[in-house]
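One structure is given here, and the rest of the page talks about it.
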Amino acid sequence: MRDFSYLRAGSVDAAREAAALPGAMLLAGGTTLVDLAKCGVAEPETVVDITHLTGLDTIVIDDRGATIGALARMSTVADHAGIKSGFPAVSEALWQAASAQLRNMATIGGNLMQRTRCPYFRDPSNFPVCNKRSPGSGCSAIGGVTRSHAVLGTSEACIATYPGDLAVALVAFDAKVHLGDRQAAVDDFFLLPGATPEREHAIQPGEVITAISIPGTPAARRSTYLKVRDRQSYEFAAASAAVGVEFEADGRTIRDLRVALGGVATKPWRARAVEEALKGKVLEPEVVRQASLLAVEGAVDHGANHYKIQLAPRVVARAILKMGETA
Amino acid sequence: MTVHEFRTRPGDAKRGDASDGAVLADQVGGRLSRVDGPAKITGAAKYAVEQRLEGLTHAVLVESTIAAGRVRSIDTAAAEASAGVLLVLTPDNILPLRTATDWLGTPPPDVAYCPLARDITFSGQHVAAVVAESFEQAVAAAALVKIAYDEALAIVDLSDPKAGDGIPVDAMTKEWGEAETAFASAPVRICNAYNTPREYQAPMEPHGLIAKWQGDQLTVWEPSQWVDGMARTYAEWFGVPFENVRLVSPYIGGGFGSKAFAYGYGAVAAVAAKMLGRPVKLAVTRPQTFTAYGGRAATRQTVALGADRDGKIQSIVHRGVNETSVDGMWVEPLGSVTSVMYATPNFSSRQNVVRVNTVVPGALRAPGENPSAFGIESAIDELAYEVGIDPLEIRLRNYAEQDPHAKKPWSTRQLREAFAAGAEAFGWSKRSPEPRSMRDGNQLIGWGVAAGTYPVRRAYGEAVVRILAGGSVEVESSSIDMGQGTYTILAQTAAEVVGVPAENVVIKLGDSRYARAGVTGGSRLAGVMTGAVHKAASAALDQLIGLAISDPASPFHALQANTLVVADGRIASPRGNGPEVSIAELLRSVGREHIEAKGDTMPANSTVEDRYKNYTTIAMALPHTEGDYSRYSWCAHFIEVRVDEDFGTVRVSRVVSALDSGRLYNPKLAESQWKGGIIMGIGQALLEEGIVDRRYGRIVNNNLADYLIATNADIPDIEVISVGIPDPHSSVLGGKGVGELGIVGVAPAIANAVFHATGKRVRDLPITLEKLI
Ligand SMILES: Cc1cc2nc3c(=O)[nH]c(=O)nc-3n(C[C@H](O)[C@H](O)[C@H](O)COP(=O)(O)OP(=O)(O)OC[C@H]3O[C@@H](n4cnc5c(N)ncnc54)[C@H](O)[C@@H]3O)c2cc1C
Ligand code: SF4
């Protein structure tokens, strides 16, 4: 951890201005930033503390949907009555993320910006080779320990998994990231690694996430987040699925379906092929299981992470079938 | 996690503890809550590196990034020029130290000891250290130390083709009968390999120390499971008398075997303090706790069981291998449970160690017995299915009525009682025998059983007991409390013997200036120290009563009594005639400030040398099969798992364990320790594994987000049942071991339950989802 200057932003505009300085990084809950600074991954020259900004932690629910301020805490959002009833998948994704202590500290804006858990990325002194950290240096993970690495959306440059839970639910329900004047669809906000794995988000220096908004839909109302992992709590997903279903009046035929995957891809992964295959179909276990296999179309494993290709469709199927049971 | 109920059944044997009904919380056997609990919960308890010292400096380690080779050069210029830096230590400028005696008491070779390495034998080895005015400055400068290496080929783990078969450890060989022949001709034969990975102690409080010199006197604040042993090491490193080193460790945030020795980083901090003439703090980081000392060695075992068709074992052939480091020796005794659990006419166990490029492995809760039980207790389960006999029944059919190896009677072995009590509480008789025959929706349900054991390790201890002017009692001992309850049970012991309430007893522990104690490890401390305190407190009481009877100024002088009784801090005659005065009043009337007695359990003819050896090495420890008996603690675990048939995830949903630790000095604390062991066993079975990048020989999950230990959510109701009875051959007050026992047998019980649930036998720990999917 090297010396940095600390700046407390008095307004969002001041934060933007400060964040545009070279080497500046915003500080929200600090649960990612401090951790990465300790690992020697984050080496900010200026830390811009935004936790004292007012008005950025509100949660507003109206007939268009939910708008959640960037500084709202994970635990507050998870426990919010309107989120729980209108967007159960969002609440469940948050509850199953990290630990109670972290959720009480961490903010929604910071959550979207969390970095991969690739162990090579997190240990610069032992593994200088990492395209995400040092573009062009190579990838230490390929050929190494890959149990937690991605099977979808990978490139030759990087196979790191996007680790978060919340964004998986957000991408399923077409949420938007508010960057002051501009808004970006969550699906576009997260970037595939391609040849530039160092670029993870469509955010420019000087931009600050101010809020996220999630359209209120029947599918979001009947939704769930299923997270599978060896440890019952406080572990990133081996595979997870955010699913929302809207049925026709018969209560069995699928009118709208949203499916997104976590823990298996380089970004929050919308599984549109599964959605399309099941829309208009009657929800039947075998049909759902078959369609769920489409979730891992094009998946590529690196040995130890092969199980994710088997696991992910089963998680998707279970989540969809669970939504059927509550019909 | 919820609290279990504590069961006793009417008509049981007397246990000498609270389950007998009559024991007060204050007495030995009572359920007194941890006396150190409030200080820990409120933060008043100060741990080693929390000491605030004038002029404190901060050291940060620089570690090797290769697993094998040689340091070509170290460029310290940038680090030395960095702000606040006081000293950059390298193998070139560090003060030479002497090699110290090891824990076994082996006299050291006359060679210098250098805690910083030029020859690299594992990734994460200490190569240099930076000391600065602030921690942050030291961290920043440490990143500027540039090390150039000549890299060599590393042997990364047991499965490395370069590793070979290893070195036979003849001392581990145990054989009787004609094991191989009998196995070959047995009607039923099973033979399988069982593997356990590197596992880590992962204590809540990471390691670290503050070292301070005053002239040639060294004070070290460091969490320690053995203050006298560690003080000796520091003294010998620096060539100063043992008495010149004071090691202070009143509180320890978990040890699990990892805090019994002074390690290289301790030498680094103490050397730096000497070179700088200022106190030095060195806090080992969480990632460094995976390489600054060793966890449990990875192990492999082959267990061959030959049996007749009724499941009666005719032969056991066991071969074990554990990894050790390139330049250190660690033997994880893999045949330890194999050789005592079941009766067999023919037996052979042999073990090799294989050198790999790792830090020398170390002790982790029940070293040896733990992986050993995973082998034999999985194998007998496999045999049960092979011959179609209930897994509990097959264990009873092969019950060892005496120690099959030592051929001596057990001092006490309540294992049959443990099986019976556990099975009844668990409802084992309702088990459907076929694998995959019990389910709840997507969850396959399995029930498994396994037994465990741990030898009773014995040694000698020493304590000082003072009866103070105010009537309170003070006990001093250099033994320690790492959460297992030493403060509490010693207070109970002194309170009961002297006859005062436990709240009037002050226990002082964890300081090498106090009366001495050996290592807190191998579950020996409670038995050793309750004995020593009992003796010292009895001597103090004798003095007190002697004074009361004979001192002319005593109010009892005229009574001419032979003896007096002390209860609740008050002295009276046994028949109640004559005066009744408080201890304080008596001491005042006879004009005494305090009464002091030292007691130890060493043989009467022990020399000063014997005593030193006993407290600073384990050379004097008594074998558990010494004399006429074989002494062990025993347990039986009954475990239910739920395995998701699609996901392969295993959740432990129920645990009932019945345990025989002899007499319990404090059932509440013993139950906590058993449960702690069971919880660790659940983590070991399902989660824990040091993952090595085989290209670099480096552990990549060296933090608590990626090295998974069980969380509360992973732990169901745990019911523990005490089936022990006082064992006079094991300790002065009748207890056997508690701390290590609980974990032994948990992993095989879970693996056996997983087989019952799924029909899949997992012989490699941990049982992660991809092994079942
Ligand atoms: C041990 C551990 C386990 C975890 N497990 C999980 C898990 O299971 N699931 C899961 O989803 N997450 C998990 N997390 C990640 C956790 O959710 C994130 O660390 C947290 O959400 C980050 O929020 P924060 O407010 O603390 O961010 P900070 O650490 O303050 O910031 C993180 C990053 O976001 C930037 N940033 C912060 N706010 C803004 C803003 N408003 N606009 C633009 N940039 C911003 C910062 O500059 C920084 O780069 C885990 C973390 C840890 C340490
Ligand atoms: S997977 Fe990506 S983050 Fe990990 S080492 Fe390779 S490039 Fe770096």
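Here is a list: A:S125, A:S155. Which entry is within 16 Å of ligand 2 (Cβ to nearest atom), modelled with pLDDT under 95 and closer than 30 Å to B:I66 by Cα?
On the way: A:S155 fails: modelled with pLDDT under 95.
Answer to the selection: A:S125.
Restricting the search to segment B:680-694, which residues are of a type in the set (G, A, S) and open to solvent by 20 Å² or more (accessible area, probe 1.4 Å)? Outline the logic, then answer.
In the first step, residues of segment B:680-694 are kept if they are of a type in the set (G, A, S); the result is B:681, B:683, B:685, B:690.
Result: no residue meets the conditions.
So which pairs qualify, if the first residue must be in segment B:42-53 and open to solvent by 40 Å² or more (accessible area, probe 1.4 Å), the second must be of a type in the set (G, A, S), the Cβ gap must be under 8 Å, and the two must be at least 6 apart or on different chains?
B:Y47/B:G253; B:V49/B:G208; B:V49/B:A283
Could you please find all residues in segment B:681-699 being facing chain A (nearest Cβ under 7 Å) and part of a loop (DSSP other than H, G, I, E, B)?
Scanning segment B:681-699 gives B:L687, B:I691, B:R695.
Taking the conditions exactly as written (buried (at least 20 other Cβ atoms within 10 Å of the Cβ), away from chain A (no Cβ under 11 Å) and over 25 Å from B:R431 (Cα atoms)), does B:G677 satisfy them or not?
Working: buried (at least 20 other Cβ atoms within 10 Å of the Cβ): yes; away from chain A (no Cβ under 11 Å): yes; over 25 Å from B:R431 (Cα atoms): yes.
So B:G677 fits the description; yes.
Filter segment B:704-723 for residues that are closer than 22 Å to B:E199 by Cα and either of a type outside the set (G, A, S) or more than 11 Å from chain A (Cβ to nearest Cβ) (or both) and give the result. Even if it seems obvious, please write down each step before you answer.
Step one: of segment B:704-723, the residues closer than 22 Å to B:E199 by Cα are B:704-715.
B:L704, B:D706, B:Y707, B:L708, B:I709, B:T711, B:N712, B:D714, B:I715, listed by residue number.
Can you name every residue in segment A:103-120 that is in a loop (DSSP other than H, G, I, E, B) and either more than 11 Å from every other protein chain (Cβ to nearest Cβ) or closer than 16 Å to A:H80 by Cβ (or both)? Outline the logic, then answer.
Here is the first cut: in segment A:103-120, the ones in a loop (DSSP other than H, G, I, E, B) are A:106, A:113-120.
Correct list: A:A106, A:M113, A:Q114, A:R115, A:T116.
Checking the condition in contact with a Phe, Trp or Tyr (Cβ under 7 Å, 6 or more places away or on another chain) and not assigned by TED's automatic domain parsing to the domain that holds A:K227, which residue from A:A37, A:A24, A:A28, A:A93 passes? Walk me through it before giving the result.
On the way: A:A37 fails: in contact with a Phe, Trp or Tyr (Cβ under 7 Å, 6 or more places away or on another chain); A:A24 fails: in contact with a Phe, Trp or Tyr (Cβ under 7 Å, 6 or more places away or on another chain); A:A28 fails: in contact with a Phe, Trp or Tyr (Cβ under 7 Å, 6 or more places away or on another chain).
The unique qualifying residue is A:A93.
Tell me which residues, restricted to segment A:3-23, are in contact (Cβ under 8 Å) with a residue 24 or more places away in the chain, open to solvent by 100 Å² or more (accessible area, probe 1.4 Å) and of a type in the set (D, E, K, R).
Passing the criteria: A:R8, A:E17.
Somewhere in segment A:112-125, is a residue within 16 Å of ligand 1 (Cβ to nearest atom), in contact (Cβ under 8 Å) with a residue 12 or more places away in the chain and in contact with a Leu (Cβ under 7 Å, 6 or more places away or on another chain)?
yes
Listed here are the residues, each with its yes/no results for (1) assigned by TED's automatic domain parsing to the domain that holds B:Q225; (2) within 25 Å of the chain's Cα centre (by Cα); (3) open to solvent by 20 Å² or more (accessible area, probe 1.4 Å).
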position	(1), (2), (3)
B:M329	no, yes, yes
B:E332	no, yes, no
B:T338	no, yes, no
B:M341	no, yes, no
B:F347	no, no, no
B:N370	no, yes, no
B:N398	no, no, no
B:E417	no, no, yes
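Which condition from (1) within 14 Å of chain B (Cβ to nearest Cβ); (2) more than 13 Å from ligand 1 (Cβ to nearest atom); (3) out of contact with any strand residue (DSSP E or B) (no Cβ under 8 Å at 6 or more places or on another chain) is the one that A:C130 breaks?
The one condition A:C130 does not meet is (3).
Kindly establish whether A:L26 is away from every other protein chain (no Cβ under 14 Å), part of a loop (DSSP other than H, G, I, E, B), within 12 Å of ligand 1 (Cβ to nearest atom) and farther than 26 Å from A:R229 by Cα.
No; evaluated as a whole, the condition is false for this residue.
Scan segment A:163-186 for residues that are open to solvent by 40 Å² or more (accessible area, probe 1.4 Å) and farther than 21 Å from A:I59 by Cβ and jot them down. Give the steps one after another, and end with the answer.
Going residue by residue through segment A:163-186, those that are open to solvent by 40 Å² or more (accessible area, probe 1.4 Å) are A:174, A:176, A:181-183.
Answer for segment A:163-186, where residues must be open to solvent by 40 Å² or more (accessible area, probe 1.4 Å) and farther than 21 Å from A:I59 by Cβ: A:D181, A:R182.
Please give the strands (runs of 3 or more DSSP E) falling wholly within segment A:155-236 in which 3 or more residues are within 16 Å of ligand 1 (Cβ to nearest atom) and closer than 26 Å to A:R314 by Cβ. Before you say what the answer is, go through the steps one by one.
Numbers: elements: A:176-179, A:182-185, A:211-215, A:223-228.
Of the strands (runs of 3 or more DSSP E) lying wholly inside segment A:155-236, those with at least 3 residues that are within 16 Å of ligand 1 (Cβ to nearest atom) and closer than 26 Å to A:R314 by Cβ span A:223-228.
Identify, please: which residue in segment A:110-122 is under 28 Å from A:Q204 (Cβ atoms) and within 9 Å of ligand 2 (Cβ to nearest atom) and is, among those, surrounded by the fewest Cβ atoms within 10 Å (Cβ to Cβ)?
Out of the qualifying residues, it is A:R115.
Given the conditions (1) outside any helix (DSSP H, G or I); (2) within 14 Å of another protein chain (Cβ to nearest Cβ), and given that B:L733 satisfies all but one, which numbered condition is not satisfied?
(2)
Assess whether B:L769 counts as being of a type in the set (A, V, I, L, M, F, W, C), more than 14 Å from every other protein chain (Cβ to nearest Cβ) and touching a helix residue (DSSP H, G or I) at 6+ places or on another chain (Cβ under 9 Å).
no
Among B:L444, B:L490, which is modelled with pLDDT of 95 or more and in a helix (DSSP H, G or I)?
On the way: B:L444 fails: in a helix (DSSP H, G or I).
Answer to the selection: B:L490.
Can you name every residue in segment A:213-266 that is more than 14 Å from chain B (Cβ to nearest Cβ), more than 20 Å from A:K281 (Cβ to Cβ) and surrounded by fewer than 24 Cβ atoms within 10 Å (Cβ to Cβ)?
Within segment A:213-266, A:S213, A:P215, A:G216, A:R221 meet the criteria.
The values are calculated or read from the model by the stated rules, or taken from the named source; none is laboratory data. Here the structure is a predicted model, which means the values were calculated and not measured. Positions of Cβ are backbone-derived with ideal geometry, glycine not excepted, and every protein chain shown enters the neighbour counts. For the accessible areas, the whole protein counts, side chains as well, though only heavy atoms, and no ligand, DNA or RNA atoms are used. Shrake-Rupley method; radii C 1.70, N 1.55, O 1.52, S 1.80 Å.
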